[in-house]
Structures are given as structure tokens and as C-alpha cells.
Amino acid sequence: MLAILSKEQYLILAAPICLTLVLASADRARADGRGVRGGSLRGWIGRYRTRQAAAATTVAMVLAAAAGGYVLWDQTSP
Amino acid sequence: MIFDDIVNGHDNAPADLRALGLPASWAKYAGHYYWDTVSVRNDPLYPRYEAKLTDGNITHFLLTHPGRMLSIGQQAAIDALQFRLGSLGDYPPSAGHPPGTVESRVVVLTWLVRGLPRGLGLAWLLPLWAAMAAVAAAGLRSGRRRGRDWYAGAAAGVLCMIGCAVAAFIPPAYFAGISTTRHMVGMNLATALAAVISVALAVSMVTRALRRSRAGAEQPG
């Protein structure tokens, strides 16, 4: 959060950080076939139906909203 | 950015200005940045064309001139690999150090990067990012197959840092046009972090592969 909001030039860092947060929150055990099948689209989506993925998505959304707020504030600043 | 990197006096300035929707007479400001004493901000036509000096207009120019995108990116990468400016010290005069003295904890990294041949720029950064991404991909696959969680975590960290390095490269290279070396600190830091984790990941994977192949060779047929 501090890195992203420290400078206008660093706002773009929100993109890779949010993407990593969400993608890395997948439940690997499910992909291994112990839950939903890992190879299919349904299986891929199923890996993200976890509390961990929900928490990661929430954090990513907060970061994205903060970055978006900075952009709005920057554009409307006199 | 526009008068430092696009209309910089090295090529056809009127054509570039036309593509940007700016008056050809502004070719005289080539190489003069915004806060220079000779600057476009003092031109009588400035209020009329100020609305065209935007990131959107620069983006449109770069997308329609990919060759310029490459050359500007290459120059920015060369500036980035300077790592730090030799003319700037780290201490105030009251600290008692000679002018230009730098804080030395990061000198190893600076020394290593400055050991690279001059002028490599993107020819160094792009293969480095690609190699680190390949190590991360191998780490993800190996971690999944062998149940090594730290491989997956390290790989995600490397991929995130590569993404941050690429993202942090874009604004100073293509939109700031001033103090590029200093503004590339985020890109350099992210690349350095990715490199350190990649090396650890690669060393671990190679060591384990060697150990496995040795154990396989020792087992009786």
C-alpha cells in the first residue's frame, strides 16, 4: 500500500501486485485432484472458491480502490 | 518528456510535432525540458496547445511509432543501468563528509551492475526478466509436482517482482522524461529482488535434481 501510494509513478504497481495476490491465493490441493478436478475451467475456478482467495481478492480490491482514489484526487487537484 | 525524448533534435522534429498535433515552430524547443530557461511553457502558443501535452497524446504517439517506443525504451534502460548518479551525494554538508560521498550499503549492487558493458540497456533487462520468469515457471511446476510449497511461493514472488519491474519501467521511460536514472529506482529494486530469489530457486532446483540423479545412479538396476 505504501509503495503504491508513495508516488504517482508507482500507482501502476497496483496492477502486478493485485494480480499476484489473487492468482497466488489459489488452493493448490484442489488443483492436485483432491477436490474439484484441476485441469478443467470449473476446476480452475474451484481453486479460488476458498476463504483465502476471498481474503486475497478483498485486499487486492482495497489496493485497487486506493490507487483509483489517488488517480481521481490527482486529476481533480487544482 | 515530449521535448526531451520525442522531439529531441536528433530526428525529424516537425514530423513528430505534427504527429503530436503541436505547432512545427516548437521544434526550437527540442532538447529543452519543461523547467528549462528556454521552455515551451513561455511560448505564446502554449495556452492554445497545453491540452495536447497529455499522457494520452504521448501514448497515442508511441503506439503509432513503435520504432520510437523501442529507441526511447532503450535510452531509458541505459539510464536505468547507471543505477545511481555520481554527481549526487547522500549526506548534507553538515555531516562532515566530502561532497559527493555516498552511503555505501548498496555499493555492491551498484558495482555489479556498472560492471556490465555500457549501452546494453534493454539487451540486458529483457533477457534477464525472461530468464527469471523461466526459473519461476520451472519453480511453480516443480513445486506442484513435488509438493514443495516454498518453490511456489518463491516463484510467485519472482513473477510479482518482474511484473513490478516492468510496470515501474514504463512511467519514467515513456512519460516522465526527467531524472530517469533516479526515477528507475523502483524498477532496479524490483529486478534485484527478483534476481536474488531466482538464484536461490534455481540453485535449490539444480541441487535437488543432481541429488536425485545421483541417488538414481547408485540404486542397483
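From helices alone, chain B scores -19500 deg cm²/dmol at 222 nm; the rule is -39500 (n - 2.57) for each run of n ≥ 4 DSSP H residues, then divide by the residue total. What the Cα atoms of the protein assembly as shown give is an Rg and a Dmax of 23.9, 88 Å. How big is D for segment B:2-64, in µm² s⁻¹ as a whole number, if Stokes-Einstein is applied with the Kirkwood radius of its Cα pairs at 4 °C and 1.567 mPa s? Reported coefficient: 111 µm²/s. Rg ratio for segment A:2-76: its Cα radius of gyration over 2.2 N^0.38 Å, N being its residue count, equals 1.38.
If we count other beta carbons within 10 Å of each Cβ, what is the order of B:M161, A:M61, fewest first? Each step should come with its number before you reach the end.
Values: B:M161 26, A:M61 13.
Starting with the residue having the fewest Cβ neighbours, the order is A:M61, B:M161.
Using Cβ point charges alone (K and R +1, D and E -1), the dipole size of the protein assembly as shown about the Cα centre works out to roughly 1880 debye.
Distances between every pair of Cα atoms in segment B:22-152, grouped in 5 Å steps from 0 to the bin holding the largest one, split as 2, 8, 9, 11, 11, 12, 13, 12, 10, 6, 3, 2, 1, 0 percent. Computed from Cα atoms, the angle from the helix A:14-23 axis to the main principal axis of chain A rounds to 20 degrees.
Along segment B:200-216 the Karplus relation, 6.51 cos²θ - 1.76 cosθ + 1.60 evaluated at θ = phi - 60°, assigns HN-Hα couplings of 4, 5, 5, 4, 5, 5, 5, 4, 5, 5, 5, 5, 5, 5, 5, 5, x Hz to successive residues, with x for each Gly and Pro.
Per DSSP H run of at least 4 residues, take -39500 (n - 2.57); add these up for chain A, divide by its residues and hand me the 222 nm value, nearest 500 deg cm²/dmol.
Taking each H run of at least 4 residues, the total per residue is -18000 deg cm²/dmol.
For A:A54 and B:T54, the FRET efficiency from 1/(1 + (r/R0)^6), where r spans their Cβ atoms and R0 equals 30 Å, is about 0.20. Across segment B:118-218, the fraction of Cα-Cα pairs farther apart than 19 Å, rounded to a whole number, is 49%. Neighbour counts of C-beta atoms inside 10 Å place B:H32, B:H183 in the sequence B:H32, B:H183, starting with the fewest. Taken one residue at a time, the phi angles of segment B:62-75 give Karplus couplings (6.51, -1.76, 1.60, θ = phi - 60°) of 5, 5, 8, 10, x, x, 5, 4, 5, 5, 5, x, 5, 4 Hz. Gly and Pro are set to x.
Projecting label points 7 angstrom from Cα along Cα→Cβ for B:R41 and A:W73 puts them 2.4 nm apart. Measuring r between the beta carbons of B:V185 and B:A95 and using R0 = 22 Å, the FRET efficiency lands at 0.55. The convex hull built on the alpha-carbon positions of chain B has an orientation-averaged projected area of 18.2 nm². In the neighborhood of B:Q75, defined by Cβ-to-Cβ distances under 12 Å, what is the net charge if each Lys or Arg adds +1 and each Asp or Glu adds -1? In short, -2.
Rule-based calculations on the coordinates, nothing more; no lab input. Since we're looking at a predicted model, the values are computed, not measured. Note that each Cβ is placed from the backbone with ideal geometry, even for glycine, and that neighbours are counted across all protein chains shown.
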